[in-house]
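The values are calculated or read from the model by the stated rules, or taken from the named source; none is laboratory data. This structure is a prediction, so every number in the text was calculated from the model and none was measured. Cβ sites come from the backbone with ideal geometry, for glycine too, and all protein chains shown count toward neighbours.
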Amino acid sequence: MKWSLLFVLWILPVAAATLPDPLPQGELVYGRLEPGERIYHRGFELKPDASGTFVFGVGRGQTEPLTFVVKKGLFSSEEITRSVQPRTWASEQINGVPPNTIAPSADEKERIAREQKILDAAREKEDQTAVPQCFLWPVKGRISGTFGKRRVYNGLMKGDHSGFDIAAPMGTPVKAVAAGRVQLAENDLFYTGGTILIEHGSGVFSGYSHLSEVSVPVGTFVQAGDVIGAVGATGRATGPHLHLTISWRGVRVDPQILLTDRCP
Ligand SMILES: [Zn+2]
């Protein structure tokens, strides 16, 4: 009996996928698959690159453990659960943003809803198959806002900061953080003003907001470091800066830990 059980265990391949344990909250996370393995998370297959590396995001507000399914061959399917390591998020007051961006009129609310649909649709586009692993600074300047901070605007509205802010003079060139396809290029969105979204592959997008100039049309394929626009203060902003977001299938993650001066 014992021996037959051992035998059954031996012939079933055991998933060898590598995943950090615990998972960091609010970060882009990389894992690794052995040849022949496939991994699924939140209904998506996390497709690996040639080296077996795959990527996904853990939300700023994620506290419950996350589940993954690893499949190998036809019959082996294993569920992996990982807890999430919470992080401490600071809070801040932001005063002086345009009052209508805090209490929009009925017309503005309609506009916001319309623009949200455009943004959501752009984030669902999938042309690229890369697993982006290196992100350049889009602009150099003073860090004026960190990701995930709880914010109170004009003493009223609350929200979590969805990106990373870099202050720089008006008109400073903004560069693509990694290679990818421009999936949205808008000159004047209500909250984010001049806005660009670039799809890098595996559901990873970078977003650039408050631009004074948008210089790449939708559909352009850009290389890391290509100039795509210029720093501005359009939309809900108190001064010229770049609001950079990185997301994985709509899950916002901390851009700051990903940025580097040099990519291989
Ligand atoms: Zn910001």
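Among the numbered criteria (1) closer than 14 Å to ARG181 by Cα; (2) without any contact (Cβ under 8 Å) to a residue 40 or more places away in the chain; (3) not aromatic (Phe, Trp, Tyr), which single criterion is violated by GLY207?
(2)
Only strands (runs of 3 or more DSSP E) wholly contained in the stretch 19-135 count here; list those with 2 or more residues that are touching a strand residue (DSSP E or B) at 6+ places or on another chain (Cβ under 6 Å), of a type outside the set (D, E, K, R) and buried (at least 16 other Cβ atoms within 10 Å of the Cβ).
Hits in the stretch 19-135: 28-32, 37-41, 53-57, 66-72.
Based on what the data block shows, is PHE75 among the hydrophobic types (A, V, I, L, M, F, W, C), closer than 27 Å to SER162 by Cβ and not assigned by TED's automatic domain parsing to the domain that holds ARG252?
Against the criterion (among the hydrophobic types (A, V, I, L, M, F, W, C), closer than 27 Å to SER162 by Cβ and not assigned by TED's automatic domain parsing to the domain that holds ARG252), PHE75 does not qualify.
Within the stretch 167-263, which strands (runs of 3 or more DSSP E) (wholly inside it) include 1 or more residues that are among the aromatic types (Phe, Trp, Tyr)?
204-211, 241-248
For the stretch 208-231, name all the residues that are more than 29 Å from PHE44 (Cα to Cα) and either buried (at least 23 other Cβ atoms within 10 Å of the Cβ) or within 12 Å of the ligand (Cβ to nearest atom) (or both).
Hits for the stretch 208-231 are HIS210, LEU211, VAL214, ILE228, GLY229, VAL231.
Is it true that LEU184 is more than 16 Å from the ligand (Cβ to nearest atom) and out of contact with any strand residue (DSSP E or B) (no Cβ under 7 Å at 6 or more places or on another chain)?
Here the answer is no, as LEU184 does not meet what is asked.
Checking the conditions here, which among GLY232, GLY203, GLY194, GLY219 is in contact with a His (Cβ under 6 Å, 6 or more places away or on another chain) and modelled with pLDDT of 95 or more? So that I can check it myself, show each step before the final result.
Working: GLY203 fails: in contact with a His (Cβ under 6 Å, 6 or more places away or on another chain); GLY194 fails: in contact with a His (Cβ under 6 Å, 6 or more places away or on another chain); GLY219 fails: in contact with a His (Cβ under 6 Å, 6 or more places away or on another chain).
Result: GLY232 is the single residue among GLY232, GLY203, GLY194, GLY219 that is in contact with a His (Cβ under 6 Å, 6 or more places away or on another chain) and modelled with pLDDT of 95 or more.
For the stretch 128-145, how many residues are within 14 Å of the ligand (Cβ to nearest atom), farther than 30 Å from ARG32 by Cβ and not aliphatic (A, V, I, L, M)?
4
For GLY141, are the conditions met, namely being touching a His at 6+ places or on another chain (Cβ under 8 Å) and surrounded by fewer than 21 Cβ atoms within 10 Å (Cβ to Cβ)? Lay out the reasoning, then the answer.
Values: touching a His at 6+ places or on another chain (Cβ under 8 Å): yes; surrounded by fewer than 21 Cβ atoms within 10 Å (Cβ to Cβ): yes.
When the stated conditions are applied, GLY141 passes them.
Which residue out of GLY155, GLY148 is in the same structural domain as PHE221 (by TED's automatic domain parsing), in contact (Cβ under 8 Å) with a residue 12 or more places away in the chain, part of a loop (DSSP other than H, G, I, E, B) and within 13 Å of the ligand (Cβ to nearest atom)?
Details: GLY155 fails: within 13 Å of the ligand (Cβ to nearest atom).
Result of the check over GLY155, GLY148: GLY148.
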